[in-house]
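What follows is a single structure, written as structure tokens, with notes after it.
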2 protein chains.
Amino acid sequence: MRLAELSGRSGVSTATIKFYLREGLLPPGRQVNASNAEYGEEHLRRLRLVRAMIQVGRIPVATVREVLGHVDDDSLGRSFRLGAAMWALPQVPEPDQEDEHLDSVREEVDSLLDHLGWSNALALRTVSPSYRSLVLALAAFRRLGYGENTDIVAPYARLMQQMAVLDVDFMENHPTEAERVEFAILGTVLMEPALTALHRLAQEEETARRYGLAHEPPPDAG
Amino acid sequence: MRLAELSGRSGVSTATIKFYLREGLLPPGRQVNASNAEYGEEHLRRLRLVRAMIQVGRIPVATVREVLGHVDDDSLGRSFRLGAAMWALPQVPEPDQEDEHLDSVREEVDSLLDHLGWSNALALRTVSPSYRSLVLALAAFRRLGYGENTDIVAPYARLMQQMAVLDVDFMENHPTEAERVEFAILGTVLMEPALTALHRLAQEEETARRYGLAHEPPPDAG
């Protein structure tokens, strides 16, 4: 397809597509003559991914370029390609303060991972930004006098394990390696806000079941 | 206790405590003479909550004041007090674009909630910011050509339901009504980043189980 069709099908303006091409976020099309190039389905797919990261995830262009560099690196094995792309994404926001509880929380998290049988997460702990974010978040809890021990984390971790099985199953529904990595990125950028909203909604449902509805819905509801 | 002790036990400077007092984020102590006031355990607890919201959650002072106003409003019933405080918190980040899929996604979410038996969430849907965030996040997914239907959300919702039962159980471990509402706020501000990190860690564990470790840990890994 030509640039105009790519723009029409993706809903992204031709000016923005040209910007993405210049910035290397979209691979060049196949040049058919001096002023026209031909684009394929893979361009459409990539355009969606770039749009999701920039417009929905509000991820900076330089970070998007880095993530895509890992997606496109055929020299990497599957796990490393996926891991490198995911770890290049912006991380979970972290408390901005150093913490006196870090060492003890780290030890407890390690023993929790061991207890859960998450041996891979344990092996990756010195390099995984997710491990780091978890330790920092739990240390902040501890510093405020809550969460005497990390035992309360175990039941949540078991539920997250089931969630991760769903995630990877859905990822595997995609036929090619590139599509799978792209889906994993989209899943993180788009699904995390959806899951947080779903969690809050479930809390509202659960508290309303125990204590009654907060208030009657307004008369125009429904 | 006096101001100095409150500062020592909370780790918050006296200047910051005075600022919180002036801003109405902390109730005044009991005045013992012209220049000294006496503070209690409830001041210490409130100070922790304020600190968590401002320093860890990076929530603006005006929003903190609004949240606390609901926490302290004895005229409200339990559910409404909890709901008002939670809904005054900053919401899940939303895509900044209007969406042509909103109506159809909203219908599908309603039918999902009905199918799940979340009748309270359904009754609250016109007023709940969490409902709104969920619909917007799923619409963004749809707009990018993913998530043909919201069926894939159902198994996640069931896991979130189990998580909400854990959340509310932990909340109920706190003896007083004020402490419960405070814990619910802290849980949202501090636990959501921890849960997101835990989810990513579970994904790393699951992909490593299926495809092998991304790479060997560095030699200094413990």
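Brief remarks on what is shown
- When B:124, B:144, B:112, B:136 are screened for being under 30 Å from residue A:170 (Cβ atoms) and at pLDDT 90 or above, only B:112 passes.
- Filter result for residue A:85 (in contact with a Leu (Cβ under 7 Å, 6 or more places away or on another chain) and at pLDDT below 90): no
- Boolean, residue B:80 is at pLDDT 85 or above, surrounded by fewer than 20 Cβ atoms within 10 Å (Cβ to Cβ) and either aromatic (Phe, Trp, Tyr) or assigned by TED's automatic domain parsing to the domain that holds residue B:64 (or both): no
- Region A:45-91, residues that are of a type in the set (A, V, I, L, M, F, W, C) and over 15 Å from residue A:24 (Cα atoms): A:52, A:56, A:59, A:76, A:80, A:82, A:84, A:85, A:86, A:87, A:88, A:89
- Enumeration of residues in region A:117-138 that are within 23 Å of the chain's Cα centre (by Cα) and more than 7 Å from chain B (Cβ to nearest Cβ): A:119, A:122, A:125, A:129, A:132, A:135, A:136
- Members of region A:137-159 that are touching a residue at least 40 places away in the same chain (Cβ under 8 Å) and more than 24 Å from residue A:82 (Cα to Cα): A:137, A:139, A:140, A:142, A:143, A:149, A:150, A:153, A:154
- Single match in B:152, B:185 (criterion: at the interface with another protein chain (Cβ under 7 Å from one of its Cβ atoms), of a type outside the set (Gly, Ala, Ser) and more than 30 Å from residue A:114 (Cβ to Cβ)): B:152
- Complete set of residues in region B:46-68 that are surrounded by fewer than 18 Cβ atoms within 10 Å (Cβ to Cβ) and touching a Gly at 6+ places or on another chain (Cβ under 9 Å): B:65
- Of residues in region B:156-182 being more than 7 Å from chain A (Cβ to nearest Cβ) and acidic (Asp, Glu), the one farthest from residue A:116 (Cα to Cα): B:177
- Taking the criterion of being at pLDDT 90 or above and outside any strand (DSSP E or B), the residues of region A:25-35 that qualify are A:25, A:26, A:27, A:28, A:29.
- Only one of the numbered conditions (1) over 28 Å from residue A:205 (Cβ atoms); (2) of a type in the set (A, V, I, L, M); (3) surrounded by 13 or more Cβ atoms within 10 Å (Cβ to Cβ) is not met by residue B:4, and that is (3).
- Hits in region B:110-125 - residues which are out of contact with any Lys or Arg (no Cβ under 8 Å at 6 or more places or on another chain) and assigned to a helix (DSSP H, G or I): B:111, B:112, B:114, B:115, B:119, B:121, B:122, B:123
- Each residue in region B:10-24 was checked for being in a helix (DSSP H, G or I), touching a helix residue (DSSP H, G or I) at 6+ places or on another chain (Cβ under 7 Å) and surrounded by 16 or more Cβ atoms within 10 Å (Cβ to Cβ), and 3 of them qualify.
The values are calculated or read from the model by the stated rules, or taken from the named source; none is laboratory data. None of these values were measured; they are calculated from a predicted model. Don't worry about glycine lacking a Cβ; one is built from the backbone with ideal geometry, like all the others, and counts go over all protein chains shown.
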